[in-house]
1. Using the Cα atoms of segment 71-125, I'd like the radius of gyration and the largest Cα-Cα distance, Dmax, both in angstrom.
2. Report the per residue volume, in Å³, of the convex hull enclosing the C-alpha atoms of segment 305-420.
3. Report the net charge of residues surrounding A389, where surrounding means a beta-carbon distance below 11 angstrom and charges are Lys +1, Arg +1, Asp -1, Glu -1.
4. In nanometres, what is the gap between the two model label sites at F270 and L379, each 7 Å from Cα along Cα-to-Cβ?
5. Using a 1.4 Å probe on the protein heavy atoms only, what accessible surface does E336 show? Give it in Å² to the nearest 10.
6. Heads up, I need the accessible area for I59: 1.4 angstrom probe, whole protein in place, Å², nearest 10.
7. Calculate the FRET efficiency for N304 and L393 from the Cβ-Cβ distance with a Förster distance of 60 Å, rounded to the nearest 0.05.
8. From zero up to wherever the largest Cα-Cα distance of segment 230-389 sits, split into 5 Å bins and tell me the percent of pairs in each.
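The values are calculated or read from the model by the stated rules, or taken from the named source; none is laboratory data. As the structure is a computational prediction, the values presented were derived from the model and not from experiment. Cβ coordinates were reconstructed from backbone atoms using ideal geometry, including for glycine residues, and neighbour counts include every protein chain displayed. Only protein heavy atoms, including side chains, enter the accessible area calculation; ligands, DNA and RNA are left aside. Shrake-Rupley method; radii C 1.70, N 1.55, O 1.52, S 1.80 Å.
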Amino acid sequence: MSLRFNSYARRVSACLTAALLYTTTQPLDAQVQAAVVDRLVITAGRSTVLTTDFEVTRIAVTNPAIADATVVAPREILVDGKAPGTISLIVWGDTQRTQYDIVVDAGVTNLQQQFLQLFPGEDIRVSANEEAIILSGNVSSNQIMLRAEEIAEATSAKSKVINLMQLPGGQESQQVMLQVRFAEVNSRILRELGVSLFTSGSGFHSTWGRITTQQFPAPGFNNMEATKVNGDVVDQSGELTFSDFLNIFFLNAKYDIGAVLRALQNTGEFQSLAEPNLIAYNGQEASFLAGGEIPVPVVQGGSNGAVTIQYKEFGIRLTFTPRIAGDVIRLKVAPEVSSLDFANGVTLGGFRVPALTTRRAATDVELRDGQSFAVAGLLNNISQEDSAAIPFLSKIPIIGYLFKSRAERAERTELMVLVTPRLVRALNPDEVPPLPTRSRSFLPPPGGDPDKGGTVDAPPVKKPGGGTGNPPGGSGKGKEK
């Protein structure tokens with residue numbers, strides 16, 4: 001047993017001695033440098049020279065697009081910063097190895113330098129990447145904030161500008177409620193005057209006749225026949241047809257002569273009011289439509305000539321995009337009002353497709369919370385006058401008016417849009433207002449008083465002698481005294 005133990009102990013001792021000798025033979029610098037990573041900061045677009053304590057045999061970088069390195073001397077490495085980011089640089093020597101973290105900073109950009117020159121004393125910081133430009137810091141006025149954002153947008157059209165600049169006492173809300181009122185008034189008037197003279201179906205003294213300017217429907221003759229005896233006309237007859245009796249119809253059977261008169265005056269008033277409320281997040285678009293859609297048949301190309309249906313929207317539409325800039329709200333507003341116009345429509349495949357009468361406006365405004373602006377002056381005046389007359393006869397004094405016809409039509413439409421933006425925030429649970437409730441019966445029962453209710457929903461009334469009865473004005477049955 002003692003021989004085996006001594007042999008085992010000698011083997012362990014030999015292993016420990018070999019490990020100790022290997023550790024002491026390695027340089028101390030290599031052991032320390034393998035555990036410590038140095039940090040080197042440079043600016044994008046600039047270069048620096050890195051000096052080592054040993055001769056360089058090999059180097060490696062993780063991303064040459066951010067920074068690149070080149071050995072220019074046995075103990076010198078040229079590092080070039082190309083784009084913002086962080087990479088690793090590993091340097092090998094004969095017996096040593098060192099690792100560096102190369103941090104490439106964007107530095108002061110051209111936009112940052114422009115802000116320093118244009119707005120001295122303002123704390124405007126710029127950080128940019130390939131997709132966005134971020135503006136941060138504190139500015140003294142809303143005007144400087146808006147101008148800085150406009151300069152950033154003009155500097156790079158492809159990058160999105162994110163405005164994080166703060167104003168003293170700025171608003172925390174990022175939601176905008178838009179109160180919009182559409183008011184439209186449509187007035188129209190129509191005046192028509194015309195007369196048509198005609199004979200009856202049997203004719204006037206064996207003569208048929210009609211006088212009309214053809215501006216309004218006039219009577220016509222059908223199936224006219226004449227009875228002859230020995231070549232002489234002894235009787236004649238025919239059918240008199242009317243498509244419209246107009247306003248005044250006159251026919252004298254004794255003299256077989258009549259007249260149809262068109263004398264009409266028509267006026268109309270139309271008023272429309274819509275008050276939509278919209279809420280949108282800062283920088284996001286919101287839209288509103290109060291109207292409907294009409295089906296429009298569309299003939300497809302090809303030999304089969306298939307017809308598909310597309311729907312076209314009409315009504316009152318509002319599209320707006322708010323941008324909160326400090327204590328003001330910038331709005332891109334596009335109100336639109338459209339209505340169906342059957343007079344100017346088309347007939348396609350047996351379907352009557354109406355046209356759309358549209359009034360549209362688009363504008364950019366800048367308002368504070370609660371301020372309003374109006375888009376007015378959207379007027380549409382239509383005036384039409386049609387007249388017809390029979391030559392020569394219409395020039396005769398007094399009776400010449402019987403050979404004339406005239407129609408006048410005028411229409412006026414006025415539209416005004418009133419817009420009020422407000423900054424809103426969500427309500428806490430203790431701030432929610434109560435819902436509206438019914439305080440009395442909506443429709444009183446027969447014989448009941450709407451102010452006192454009826455027996456259906458009113459409590460019973462106590463009588464002086466005890467017991468219960470119907471309330472005053474109720475419809476229940478009681479004993480008569």
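1. Here Rg and the maximum Cα pair distance are 18.0, 55 Å.
2. In segment 305-420, the Cα hull volume divided by residue count equals 181 Å³.
3. +3
4. Label-label distance for F270 and L379, simple model: 2.0 nm.
5. We get 40 Å² for E336.
6. Near enough 50 Å² of accessible area.
7. About 0.55, to the nearest 0.05.
8. 2, 5, 9, 11, 10, 10, 9, 9, 8, 7, 5, 4, 3, 2, 2, 1, 1, 1, 0, 0, 0, 0
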